[in-house]
1. Within segment 162-171, does at least one residue satisfy the condition of being of a type in the set (A, V, I, L, M, F, W, C) and modelled with pLDDT of 95 or more?
2. Out of curiosity, is ILE95 surrounded by fewer than 24 Cβ atoms within 10 Å (Cβ to Cβ) and of a type in the set (Val, Ile, Thr)?
3. Could you please tell me which pairs satisfy a Cβ distance under 7 Å, a separation of 6+ or placement on different chains, a first residue in segment 85-108 that is closer than 19 Å to ASP163 by Cβ, and a second residue that is among the polar types (S, T, N, Q) and part of a loop (DSSP other than H, G, I, E, B)?
4. In segment 100-132, which residue that is assigned to a loop (DSSP other than H, G, I, E, B) and not acidic (Asp, Glu) is nearest to GLN83 (Cα to Cα)?
5. Within the set of pairs 6 or more residues apart or between chains, which connect a residue that is in a loop (DSSP other than H, G, I, E, B) inside segment 206-223 to a residue that is at pLDDT 90 or above with Cβ atoms less than 6 Å apart?
6. State yes or no: is LYS112 surrounded by fewer than 16 Cβ atoms within 10 Å (Cβ to Cβ) and basic (Lys, Arg)?
7. Looking at ALA133, ALA79, can you tell me which residue is surrounded by 13 or more Cβ atoms within 10 Å (Cβ to Cβ), at pLDDT 95 or above, over 12 Å from the mean Cα position of the chain (by Cα) and of a type in the set (Gly, Ala, Ser)?
8. Could you please tell me which pairs satisfy a Cβ distance under 8 Å, a separation of 6+ or placement on different chains, a first residue in segment 58-69 that is in contact (Cβ under 8 Å) with a residue 60 or more places away in the chain, and a second residue that is part of a helix (DSSP H, G or I) and surrounded by 15 or more Cβ atoms within 10 Å (Cβ to Cβ)?
Amino acid sequence: MAGPRLPRAFAGFVLAAFVLLGVTLAADFDRMLSMLKRQGGSMALFQDWRQLSETSKSLSVQEKLKRVNEFFNRKIQFAEDIQIWGQTDYWATPIETLAKGKGDCEDFTIAKYFTLLEAGVPNEQLRLIYVKARIGGPASSVSQAHMVLAFYAEPDAEPLILDNLITDIRPASRRADLQPVFSFNSKGIWSNPTASGMPAATEVGRLTRWQDLLNRARAEGFEF
């Protein structure tokens, strides 16, 4: 699950660009709260999330990852889409997940992704990764579709994996139970998650479910 590689001569430039980019997402919390109320969500949970988003901006990246990962793993109950939405596969926005207080692996990953963007982590350092997870450990022959969030400290660094299955944030080399299929963020898609360089497709419209979610997130008050 290696990150995208760039020539070393450009690595310093890219990292400097990360710093200059700063916050890549700004949230309209008033609009979000209004949307959450319409869905009958808990104001207390929303305020806890808003405080997390705002206070995390001044923390180190490692602490941001830790707090955001723990928040959703502890505050959101796991449930299948059919139980929550009456559909077999629905990608919820962070506000929808907070309103329900429940979500599946995609919902956990999406909520962590948007929250880390709001906390100031550059988009270029985050990827949502579809994986095949071996149930029972790396030696198991039983697998299921799963999604995790990957953080790349540098373009060619080994990513750290944020997962709703475990609270510990571990490097990809310590997650032998996960086999990557493809990865993406709001800027593009990597059809080969271990490929180097730019995304295979800069048009996220290739993944229609993701494009639909991005549109709904913008309508809720997220800007990215």
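The values are calculated or read from the model by the stated rules, or taken from the named source; none is laboratory data. Source: prediction; values computed, not measured. Using ideal geometry, Cβ is built from the backbone for each residue, glycine included, and neighbour counts are taken over all protein chains shown.
1. Yes, there is a match, as at least one residue in segment 162-171 is of a type in the set (A, V, I, L, M, F, W, C) and modelled with pLDDT of 95 or more.
2. Working: surrounded by fewer than 24 Cβ atoms within 10 Å (Cβ to Cβ): no; of a type in the set (Val, Ile, Thr): yes.
It is false that ILE95 is surrounded by fewer than 24 Cβ atoms within 10 Å (Cβ to Cβ) and of a type in the set (Val, Ile, Thr).
3. So the pair list comes out as CYS105/ASN164; PHE108/ASN164.
4. Filtering segment 100-132 for residues assigned to a loop (DSSP other than H, G, I, E, B) gives 101, 104, 119-122.
Narrowing further to those that are not acidic (Asp, Glu): 101, 119-122.
Values: GLY101: 12, ALA119: 31, GLY120: 33, VAL121: 32, PRO122: 34 Å.
Result: GLY101.
5. Within 6 Å, the pairs are GLY221/ASP28; GLY221/ARG31; GLY221/MET32.
6. Considered against the rule, which asks whether it is surrounded by fewer than 16 Cβ atoms within 10 Å (Cβ to Cβ) and basic (Lys, Arg), LYS112 comes out as no.
7. Working: ALA133 fails: at pLDDT 95 or above.
Just a single option satisfies the conditions, and that option is ALA79.
8. LEU59/ARG67; LEU65/LEU116; VAL68/LEU52; VAL68/SER56; VAL68/LYS112; VAL68/THR115; VAL68/LEU116; ASN69/LYS112
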